[in-house]
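Scroll down for the structure; my scribbles are underneath it.
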Amino acid sequence: MAWKFYGRDQELRRLDEVLDRGRWAFVKISGRRRIGKTALIREALGRHPDRKSFYVQIPDSEPAGVLAAVHGFMDTFGLDHPRPGSLLGFAQMIRSLAEEGYIIVLDEFQYFHRKALSEFPSHLQAVVDGCQARSQEVPGCLVVLGSIHAEMTALLEDRRAPLFNRLTDRLDLGHLDIASVLEILRTHGEGTPEELLFYWNLFEGVPKFYRDCYEQQVYGQARQAVLRRMFFESSSPLRNEAENWFLHELRGRYNMVLQFIAENPGCTNGEIEARLRELDSGQAKQVGGYLVNLTATYRMVERRLPIFAKANSRSGRYYISDNFLRSWLAALAKPVASVQFRPMDALIAQADERLKLAEGFGLERLAATLYEERSRKGLPGFALTDRIAGYWDKGGVELDLVALNTDEGMIRFGSCKRDPAKNSLGELGKFDGHIARFLDAKARYAAWSKERTAITVRHSDASKQVASQAGYLAEDLLSLTAGL
């Protein structure tokens with residue numbers, strides 16, 4: 001079956017509303033690289049074939065390079081308009097096109113935060129203000145796309161920025177929801193729980209990567225065959241993806257920090273600092289600054305807190321926020337880099353084993369995401385009133401998932417194991433001990449209705465019986481995806 005555009009119904013409705021207004025709009029679409037910003041605007045424009053459009057991908061370059069790109073896209077679109085000879089001329093051309101009813105799309109807009117291009121936002125401010133003042137008379141609109149959150153914020157949200165408070169509409173593009181990922185897998189693959197965990201742990205909800213797998217015709221193949229085609233062969237489409245798109249902006253900085261967090265999800269600031277001290281004592285002193293940049297500027301790392309913790313709590317743990325980057329650093333990067341020196345089959349098997357370890361943590365994230373998606377869509381299951389999260393403390397209590405329904409006074413504790421056999425009577429008994437110590441510390445939940453669930457990829461009859469005997473619900477990816 002042919003590939004189609006998956007998901008994004010809500011975002012498309014928002015863009016339809018903007019484009020149907022028939023007057024000036026200044027729209028920002030932001031989101032991580034490869035998340036589908038360009039595909040989204042292309043799909044939206046395809047739903048409005050009567051509208052004229054002009055697209056430019058801004059290069060990370062000097063003004064001359066930007067103007068050369070503009071001229072090239074003018075040729076591609078057959079745009080009969082005087083070629084701008086300066087950044088001021090480019091801004092003025094945007095005004096002319098908007099007055100003619102064009103939808104102008106500037107991709108990689110964050111590069112205008114570079115010092116060499118810093119004059120452009122001021123030129124664009126005058127254009128935007130003029131169009132806004134005559135919004136009913138200007139039928140066109142400007143859409144800017146960007147992938148680096150901090151730089152897009154500096155250009156458009158900072159009070160000192162020329163374009164501050166000029167946006168009329170904002171879209172922050174996240175991952176495809178699980179229902180859309182399942183639609184892809186059920187259409188082009190097998191749609192099994194094992195397949196869902198494998199692909200979601202690798203790609204989460206990044207549509208471009210699922211499209212790459214479709215183009216390479218790997219759906220339905222064994223795990224190691226997929227890894228070989230997508231990462232290990234000389235023509236593999238994702239072999240250089242992380243370096244070219246995710247790590248390129250860092251220019252080699254923070255590598256040791258990212259690698260350690262990827263290999264040790266849930267590590268603390270102190271553990272990161274200790275590891276860097278072993279490797280490079282000079283960098284260990286800069287861990288705090290590194291983590292701020294990786295969390296706030298690049299959004300590659302996230303600091304999670306145990307449920308109920310205050311924002312300033314010192315109990316935070318660090319994780320790579322992107323599944324693809326985490327899987328690449330933890331399991332794939334070193335084997336792929338060693339292809340010229342060791343047998344490929346052995347390297348693929350090694351990468352697969354490392355991925356299986358990473359999928360243990362991936363299952364926790366997937367289960368939490370499914371809980372939230374089911375609750376949001378009103379599907380049968382646990383109705384959440386708060387964000388689902390884990391819990392840990394200095395006393396050694398570790399709970400994989402804690403779900404709350406404050407309206408009904410219900411709390412559910414979840415144990416997540418990739419291998420159903422690991423949810424044994426002994427392990428569930430230990431988990432009961434963690435729950436008891438949690439309730440001792442959080443006495444206000446003692447009177448609430450309490451539920452316990454054993455979550456895995458696919459329960460066997462035996463593991464279901466063990467869960468029932470221990471007083472646990474038996475949930476797996478089959479039950480958690482039912483109805484999606």
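Using the alpha-carbon atoms, what tilt in degrees (0 to 90, nearest 10) does helix 178-188 show relative to the longest principal axis of the chain?
Orientation of helix 178-188: about 90 degrees from the principal axis.
What fraction of the DSSP beta bridges in region 327-472 is antiparallel, stated in percent and rounded to the nearest 5?
Working: 8 of 15 bridges.
Around 55 percent of the beta bridges assigned by DSSP in region 327-472 are antiparallel ones.
Multiply the residue gap between Met1 and His71 by 0.36 nm, knock off their C-alpha separation, and tell me the result in nm, one decimal place. Working shown, then result.
Working: separation 70, 0.36 × 70 = 25.20 nm, distance 3.78 nm.
Stretched fully, the Met1-His71 segment lengthens by 21.4 nm.
Of the DSSP beta bridges with both residues in the chain, give the percent that are antiparallel, rounding to the nearest 5. Working shown, then result.
On the way: 13 of 43 bridges.
Given both bridge residues lie in the chain, the antiparallel proportion sits at roughly 30 percent.
Identify the trypsin sites (Lys or Arg not before Pro) of region 101-195 meeting these criteria: DSSP loop state and at most 16 other C-beta atoms within 10 Å of the C-beta. Present the calculation step by step, with values, prior to reporting the outcome.
Numbers: sites: Arg114, Lys115, Arg134, Arg159, Arg160, Arg166, Arg170, Arg186; in loops: Arg114, Arg134, Arg159, Arg160, Arg166.
Passing sites in region 101-195 are Arg114, Arg134, Arg159, Arg160.
What is region 1-48 by shape, rounded, prolate or oblate, if you read a ≥ b ≥ c off the alpha carbon gyration tensor as root eigenvalues and call it rounded for a/c under 1.5, prolate for a/b larger than b/c, and oblate otherwise?
Values: a/c = 2.37, a/b = 1.42, b/c = 1.67.
Taking the square roots of the gyration eigenvalues as a ≥ b ≥ c, region 1-48 is oblate.
Can you classify region 36-155 as rounded, prolate or oblate using the Cα gyration tensor, where a ≥ b ≥ c are the square roots of its eigenvalues, rounded means a/c under 1.5, and otherwise it's prolate if a/b beats b/c and oblate if not? List each step's numbers first, then the result.
Details: a/c = 1.29, a/b = 1.21, b/c = 1.07.
Judged from the Cα gyration tensor, region 36-155 comes out rounded (a/c under 1.5).
State which entries of Lys334/Lys356; Lys37/Lys334; Lys28/Lys115; Lys430/Lys464 exceed 25 angstrom in Cα-Cα distance in the structure shown.
Numbers: Lys334/Lys356 16 Å; Lys37/Lys334 30 Å; Lys28/Lys115 21 Å; Lys430/Lys464 18 Å.
Pairs exceeding 25 Å: Lys37/Lys334.
With the full set of protein chains in place, find how many percent of the accessible area of region 73-177 is carbon and sulfur; take the probe as 1.4 Å. Display every interim value, and only then the final one.
Details: 2080 of 4540 Å².
Whole-percent figure for carbon plus sulfur exposure: 46.
Computing the accessible area with a 1.4 Å probe over protein heavy atoms, can you report the carbon and sulfur percentage for region 355-484? Please report the intermediate quantities before stating the final value.
Details: 3040 of 6040 Å².
Within region 355-484, the accessible surface is 50 percent carbon and sulfur.
Rounded to the nearest 0.05, what FRET efficiency do Ala447 and Asp280 have when you use their Cβ-Cβ distance and R0 = 45 Å?
Numbers: r = 52 Å, r/R0 = 1.16.
Taking R0 as 45 Å, the efficiency between Ala447 and Asp280 is 0.30.
Normalising by the residue count of the chain, find the relative contact order in percent from Cα pairs under 8 Å and 6+ residues apart. Mind showing how you got there, number by number?
Values: 741 pairs, mean separation 58.0, N = 484.
The value is 12 percent.
For region 288-380, what is the convex hull (Cα atoms) projected area averaged across all directions, in square nanometres?
Details: hull surface 35.9 nm².
Orientation-averaged projected area of the Cα hull: 9.0 nm².
State the answer as a single residue: which of Leu155, Cys131, Leu171 lies farthest towards the positive end of the charge dipole of region 120-172, with beta carbon charges of +1 for Lys and Arg and -1 for Asp and Glu, about the Cα centre.
The residue sitting most towards the positive pole is Cys131.
With every protein chain left in place, what is the accessible area per residue of the chain in square angstrom, probe 1.4 Å?
Details: 21700 Å² over 484 residues.
Spelled out: the 1.4 Å probe surface of the chain, per residue, equals 45 Å².
Pick out, from Ile103, Leu15, Val56, the residue whose Cα sits farthest towards the positive end of the charge dipole of region 1-142, with +1 on the Cβ of Lys and Arg and -1 on the Cβ of Asp and Glu.
Looking along the dipole axis, the top candidate is Leu15.
Give me the aspartates and glutamates in straight-line cross-link reach of Lys394: C-alpha distance below 17 Å, same-chain residues under 8 apart excluded.
Leaving aside aspartates and glutamates fewer than 8 places away in the same chain, those within reach of Lys394 are Glu271, Asp440.
How big is the C-alpha Rg of the chain next to the rule-of-thumb value 2.2 N^0.38 Å, as a ratio?
Working: Rg = 24.9 Å, N = 484, 2.2 N^0.38 = 23.0 Å.
Compactness ratio reported: 1.08.
Divide by every residue of the chain the summed helix terms, -39500 (n - 2.57) for each DSSP H run of at least 4, and state the resulting mean residue ellipticity at 222 nm, rounded to the nearest 500 deg cm²/dmol.
Details: 20 runs with 212 residues, N = 484.
Counting only the DSSP helices, I get -13000 deg cm²/dmol.
The values are calculated or read from the model by the stated rules, or taken from the named source; none is laboratory data. These figures come from a predicted structure and were not determined experimentally. Methodologically, a virtual Cβ is constructed for each residue, glycine included, from the backbone with ideal geometry; neighbour enumeration extends over all protein chains shown. Each accessible area value is taken on the protein alone, full model and side chains, heavy atoms only, with ligands, DNA and RNA left out. Shrake-Rupley method; radii C 1.70, N 1.55, O 1.52, S 1.80 Å.
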